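Novice: Okay, here's the structure, questions in a sec.
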Amino acid sequence: MTPAIDTLKKLKLPFSVHSYDHEPGTQGYGLEAADKLGLSPNVVFKTLLVTDGAKQFATVVVPVAGMLNLKRAAKVLGWKKAAMASAEDAQRITGYVLGGISPLGQKKRLPTVVDDRAFQQASIHISAGRRGLEIEVSARTLVQALEAKQGDVAEL
């Protein structure tokens with residue numbers, strides 16, 4: 001089990017877990033998950049950490065097929081600007097390793113934004129907290145679990 005899976009179990013929310021053999025050295029973790037699980041990259045979502053540059057951090061969940069629009073993310077978060085957090089900060093703050101960062105079960109709950117595209121899918125796949133392990137969950141369930149905001153923050 002991972003803290004992400006434990007969070008959903010504790011909240012008694014519906015989800016399923018899927019695993020695959022992660023290839024060491026792979027850089028595109030989300031695209032690898034889509035490929036190995038036979039999924040469209042439009043239903044696999046990556047978890048990114050952003051900062052306002054003044055010690056505030058937030059989690060943003062976007063499709064692996066797209067990229068984060070930092071200006072739109074800042075607007076949804078109510079910040080003047082947003083930048084990607086460093087890999088070191090992302091790992092330290094979430095308690096997860098790169099390629100295994102889940103929006104669920106982080107060391108400290110951060111403000112979270114889930115991209116609008118997640119709501120166009122019956123379910124989405126997010127990291128379960130380690131490389132090679134994915135959680136399948138509805139976007140609404142994810143928002144409920146995280147008290148997250150919804151917003152148009154990705155570019156495809």
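The values are calculated or read from the model by the stated rules, or taken from the named source; none is laboratory data. These numbers come from a predicted model, not from an experiment. Counting neighbours? That spans all protein chains shown, and the Cβs are built from the backbone with ideal geometry, glycine included.
Novice: Would the stretch 128-141 turn up any residue that is out of contact with any Phe, Trp or Tyr (no Cβ under 9 Å at 6 or more places or on another chain) and either in a helix (DSSP H, G or I) or charged (D, E, K, R) (or both)?
Specialist: No, that holds for no residue.
Novice: Another question, then. Restricting the search to the stretch 48-87, which residues are at pLDDT below 95 and either buried (at least 23 other Cβ atoms within 10 Å of the Cβ) or farther than 29 Å from Glu136 by Cβ (or both)?
Specialist: Result: Gly53, Ala54, Lys55.
Novice: If you don't mind, there's one more thing I want to ask. Taking Val62 as the residue in question, decide whether it is among the β-branched types (Val, Ile, Thr), on the phi < 0 side of the Ramachandran plot and touching a helix residue (DSSP H, G or I) at 6+ places or on another chain (Cβ under 7 Å).
Specialist: Against the criterion (among the β-branched types (Val, Ile, Thr), on the phi < 0 side of the Ramachandran plot and touching a helix residue (DSSP H, G or I) at 6+ places or on another chain (Cβ under 7 Å)), Val62 does not qualify.
Novice: Continuing with the same structure: For Phe45, work out the one condition from (1) over 18 Å from Val113 (Cα atoms); (2) surrounded by 19 or more Cβ atoms within 10 Å (Cβ to Cβ); (3) touching a residue at least 60 places away in the same chain (Cβ under 8 Å) it doesn't fulfil.
Specialist: Just one mismatch for Phe45, condition (1).
Novice: How many residues are under 13 Å from the mean Cα position of the chain (by Cα), under 18 Å from Ser16 (Cβ atoms) and not aliphatic (A, V, I, L, M) if we restrict to the stretch 101-125?
Specialist: 4
Novice: How many residues are surrounded by fewer than 20 Cβ atoms within 10 Å (Cβ to Cβ), touching a strand residue (DSSP E or B) at 6+ places or on another chain (Cβ under 7 Å) and either of a type in the set (Gly, Ala, Ser) or without any contact (Cβ under 8 Å) to a residue 12 or more places away in the chain (or both) when one looks only at the stretch 1-42?
Specialist: Of the residues in the stretch 1-42, 2 are surrounded by fewer than 20 Cβ atoms within 10 Å (Cβ to Cβ), touching a strand residue (DSSP E or B) at 6+ places or on another chain (Cβ under 7 Å) and either of a type in the set (Gly, Ala, Ser) or without any contact (Cβ under 8 Å) to a residue 12 or more places away in the chain (or both).
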